[in-house]
Amino acid sequence: MPKKLDIDSLSSEIATIKELLAGAKSSNDIVGEMQLEHRLKKLTEKADKLKENSLNDNSASVALFFGGQPVIGSKGIAAEFAGIALEQFQSLIGKIFATNELGELGQRGKIPLRAHSELMITGLARGSFGFVLDEMSDQIQLETSQLTHIIDKTAHILRDTAAQDEAVFEALLEDLDPRSLIALKDFFSNLDTNKATIRIVEKDLDFTLDGTAIHRARTRTEATSIEEKTSEIEGILVGFLPEHRKFELRDNLGKIIYGSATKDAVDQFLKATESVIGKKCLAKTTIKTVAPLNRPSREVVRLMEFLHFGD
């Protein structure tokens with residue numbers, strides 16, 4: 001379970017106890033004051049221990065709270081809606097994970113690395129009706145797992161897709177592949193059709209998307225298209241930033257091409273036996289054409305791998 005939920009709950013309870021304690025002191029309720037101070041001490045110790053443990057456990061975890069028409073308070077949720085929504089969320093996680101690791105996905109077929117991105121339902125979240133999804137592991141993660149980063153990235157994508165500022169949505173399209181866009185569209189379409197709302201909590205991120213935000217996200221994703229093609233580009237490698245996965249290349253016609261690079265391309269660059277900046281190279285790239293709603297299309301280049309360095 002995201003530790004933020006437990007920490008926030010304890011913080012709220014501590015604040016309430018402090019108010020009651022202040023009242024007990026002002027009314028000279030000595031017995032009540034002693035009881036409340038004891039309770040406050042226990043809660044504070046529990047909160048401190050939870051915060052300490054949260055620093056040591058880096059397992060992937062996220063909580064999804066649903067509201068709206070499919071939900072009856074905290075009593076229950078429509079089974080068909082919940083099943084589809086959780087399946088669509090898992091599908092989105094899987095596609096973004098695979099894209100992050102491999103750089104590109106085929107237009108069809110099974111999503112690779114699915115076993116590495118699977119989540120399991122570990123509990124129901126208090127408040128409205130929610131599900132806690134954790135990494136498929138029974139071990140405490142001492143280091144932040146890759147899936148933790150992907151859940152964080154996915155949560156930001158969901159939030160930014162529904163942002164009021166359309167420029168925020170357009171900015172994230174540069175890193176989105178066609179199949180992830182489809183998964184994103186399906187997720188918001190299901191929420192919008194069923195007049196549902198969602199709150200997402202993971203790590204330090206906590207946000208709610210109401211009906212208006214969800215409909216806005218659905219409209220955007222349905223009106224946006226992403227097309228990809230693969231191309232080999234020969235030219236001079238002008239610059240490369242491994243830590244940011246960015247490159248700049250001048251092709252044989254003198255055109256400057258820049259964009260992002262995959263992990264494989266970064267590894268190839270770092271393992272080069274000599275400096276390749278300013279040298280010739282042949283690179284395999286994907287050229288993505290993004291056409292957002294009511295905006296002109298634009299091209300985004302991603303360097304998949306270096307085919308060779310030098311002449």
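The values are calculated or read from the model by the stated rules, or taken from the named source; none is laboratory data. Only a predicted model underlies this, so the values are computations on that prediction, with no experimental measurement involved. As a convention, Cβ positions derive from the backbone with ideal geometry for all residues, glycine included, and neighbour counts pool all protein chains shown.
Of all residues in the range 106-125, those being part of a loop (DSSP other than H, G, I, E, B), small (Gly, Ala, Ser) and either touching a Gly at 6+ places or on another chain (Cβ under 7 Å) or at pLDDT 75 or above (or both) number 1.
For the residues GLY235, GLY211, the requirement of being under 26 Å from LEU102 (Cβ atoms), of a type in the set (Gly, Ala, Ser) and either in contact with a Phe, Trp or Tyr (Cβ under 9 Å, 6 or more places away or on another chain) or surrounded by 15 or more Cβ atoms within 10 Å (Cβ to Cβ) (or both) singles out GLY235.
Against the conditions (1) touching a helix residue (DSSP H, G or I) at 6+ places or on another chain (Cβ under 9 Å); (2) surrounded by fewer than 16 Cβ atoms within 10 Å (Cβ to Cβ); (3) touching a residue at least 60 places away in the same chain (Cβ under 8 Å), GLN164 satisfies every one except (3). A single entry from ASP6, ASP48 fulfils the requirement of being crowded, with 16+ Cβ neighbours inside 10 Å, modelled with pLDDT under 85 and part of a helix (DSSP H, G or I): ASP6.
Do the conditions hold for ILE257, that is, is it β-branched (Val, Ile, Thr), touching an Asp or Glu at 6+ places or on another chain (Cβ under 7 Å) and surrounded by 14 or more Cβ atoms within 10 Å (Cβ to Cβ)?
Here the answer is yes, as ILE257 does meet what is asked.
Taking the condition at negative phi, crowded, with 22+ Cβ neighbours inside 10 Å and either within 17 Å of the chain's Cα centre (by Cα) or outside the structural domain of PHE66 (by TED's automatic domain parsing) (or both), does ILE150 pass? Yes; evaluated as a whole, the condition is true for this residue. Being acidic (Asp, Glu) and free of Cβ contacts under 8 Å to residues at least 24 places away in the same chain is the filter here, so list the residues in the range 205-230 that pass it. The one that is acidic (Asp, Glu) and free of Cβ contacts under 8 Å to residues at least 24 places away in the same chain: ASP210. Does the range 185-198 contain any residue that is touching a residue at least 12 places away in the same chain (Cβ under 8 Å), in contact with a helix residue (DSSP H, G or I) (Cβ under 6 Å, 6 or more places away or on another chain) and assigned to a loop (DSSP other than H, G, I, E, B)? Yes - at least one qualifying residue is present in the range 185-198.
Against the numbered list (1) within 29 Å of ALA183 (Cα to Cα); (2) in contact (Cβ under 8 Å) with a residue 24 or more places away in the chain; (3) of a type outside the set (Gly, Ala, Ser), ILE257 comes up short only at (1).
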